[in-house]
Amino acid sequence: MQIRSKLPHVGTTIFTLMSKLAAEKGAVNLGQGFPDYEPPAGLLDRVTHHLQSGHNQYAPMAGLPRLLEQIAAKIRRLHGIEVDAQSEVTVSAGGTESIFCAIQSVVHPGDEVVLLDPCFDCYAPAVELAGGRVLHVPLTLPDFHIDFDRLAAALSPRTRLLVVNTPHNPSGALLAGADWARLATLLEGTDTLLLADEVYEHLVYDGASHVSALSIPALRERAFVVFSFGKVFNATGWKVGYCIAPPVLTAALRKVHQFVTFSVSTPLQHALADYLESSPDFLVSLPGFYQSRRDRFIALLAGSRFALTASPGTYFQLVDYSAISSASDAEFCRELIDLHGVAAIPLSPFCETPPDCRLLRFCFAKTDATLEAAAERLRSV
């Protein structure tokens, strides 16, 4: 039987490939973005409690009302923004499902969607499955900021959606309030919607603060804003996230969500609601915790031939290897695994047209032992 794929140019993700190679070669895996330490003990206790308390059947489609209320309370407490829990918040199977459902809910065949390269690899396939056309606008190097002139030139009456990501994966770059204000001006008077991927909202360093699209009224009224519990609670395997959007967009997203997953793990939702209520300071502590991970990794690479500038956010660090090799980033990643036993992620899969640079992405959400083992091998390169 021959099947005509709807994604003929899409293969296995680079994250899966590099993790598979790392496992086969026994390499230290700083590639795929997941912590190698456990979620908070108090949160795990609540999961166990709810697993054993009969909370194992379907949750409401939009999310447990109590979790929706705790999400709204968190947004109010940390960002000073009022969100209606019942009409504006939807719990999803990870941030990826929110992104997919948002795109499927508003992008029609022939619509254009603008992506800012480098960008996460789930955006474009979701647009293609909706029948949309992707336009890639490169971010500036070396700071990975928006080129507003190029972005303005890419926008047209056919633009249905603009996708932005802050803190930015893979670079860690942040959008400031002034950036959001310029985006609001660009979109003013248009029918273009915004999808803001903010899953690393709590991982911002050096005294900076995360600025959400929700804080800009002119953008909030046209925006899907996506967040992740897995990223902030060291539980990427749980695949629990959520989307905040105005009621009309939330209603559209839920129409798709109900036929993708319908609802998300009930005991996990109960546990997350408990932990958000009982331990609000955990989220406040995350920037300091992850900045120490970042700084530790940078210090361990001192004296190596890799060059880097400290990542402003996320738990990823870009590293320049141009003093070591002229090989492509994909080739050099394979060499690192084969010859030195460390897995990284190349920059090129995040781009339609890879920039002329030699950059790899390392994940520093790892224990000291993991970072030290990786750095010892990297210093020998």
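Could you calculate the contour length gain from ASP191 to PHE259, that is, 0.36 nm times the residue separation minus the distance between their Cα atoms, to one decimal place in nm? Don't skip to the end; give the middle numbers.
Values: separation 68, 0.36 × 68 = 24.48 nm, distance 2.63 nm.
Value of the extension gain: 21.9 nm.
So what's the chain giving for Rg/Rh, alpha carbon basis, Kirkwood Rh from the mean inverse pair distance?
Ratio of gyration radius to Kirkwood radius: 0.95.
Across region 13-22, in residue order, what do the Karplus-derived ³J(HN,Hα) couplings come to in whole Hz, using 6.51 cos²θ - 1.76 cosθ + 1.60 with θ = phi - 60° and x for Gly and Pro?
In residue order, the calculated couplings are 4, 4, 5, 5, 4, 5, 5, 5, 4, 4 Hz.
Please report how far the C-alpha centroid of region 255-283 lies from that of region 44-91, rounded to the nearest whole angstrom.
5 Å
Region 154-203: D in µm²/s via Stokes-Einstein (Kirkwood Rh, Cα pairs, 25 °C, 0.890 mPa s)?
Translational D for this selection: 207 µm²/s.
Please list the non-local residues whose amide H lies under 5 Å from the amide H of ASN165, H modeled 1.01 Å from N, same-chain partners needing a gap of 5 or more.
For ASN165, the qualifying residues are ASP197.
Within the P(r) computed for region 1-131, what percentage of the Cα pairs occupies the region above 21 Å?
When all Cα pairs of region 1-131 are counted, 65 percent exceed 21 Å.
In whole Hz, with x marking every Gly and Pro, tabulate ³J(HN,Hα) for region 45-54 from phi via Karplus 6.51 cos²θ - 1.76 cosθ + 1.60, θ = phi - 60°.
For region 45-54, the Karplus-derived couplings read 4, 5, 4, 4, 4, 6, 4, 9, 10, x Hz, x marking Gly and Pro.
Between LEU129 and MET61, what FRET efficiency comes out of the Förster formula 1/(1 + (r/R0)^6) with R0 = 22 Å and r the beta carbon distance, rounded to 0.05?
0.50
Can you give the helix-only mean residue ellipticity at 222 nm for the chain, where every DSSP H stretch with n ≥ 4 adds -39500 (n - 2.57) and the sum goes over all residues, rounded to the nearest 500 deg cm²/dmol?
On the way: 15 runs with 153 residues, N = 381.
Rounded to the nearest 500, it is -12000 deg cm²/dmol.
With an 8 Å Cα cut-off and a minimum separation of 6 or more residues, compute the relative contact order for the chain in percent.
25 percent
Counting other Cβ atoms within 10 Å, keep those with at most 13, restrict to DSSP loop, and tell me which chymotrypsin sites (Phe, Trp or Tyr not before Pro) in region 297-354 are left.
Passing both the DSSP loop test and the Cβ count: no residue.
When the label point is put 7 Å from the Cα of ASP295 along its Cα-to-beta-carbon vector, which residues of region 10-35 have a backbone N closer than 19 Å?
Flagged as within label range: none.
Whole-Hz ³J(HN,Hα) for each residue in region 286-293, computed from phi via Karplus 6.51 cos²θ - 1.76 cosθ + 1.60 with θ = phi - 60°, x for glycine and proline: what do you get?
So the Karplus estimates, Gly and Pro as x, are 4, x, x, 4, 6, 4, 5, 5 Hz.
Values in this text are rule-based calculations from the coordinates and carry no lab data. Remember, it's a predicted structure, so these values are computed and weren't measured experimentally. Using ideal geometry, Cβ is built from the backbone for each residue, glycine included, and neighbour counts are taken over all protein chains shown.
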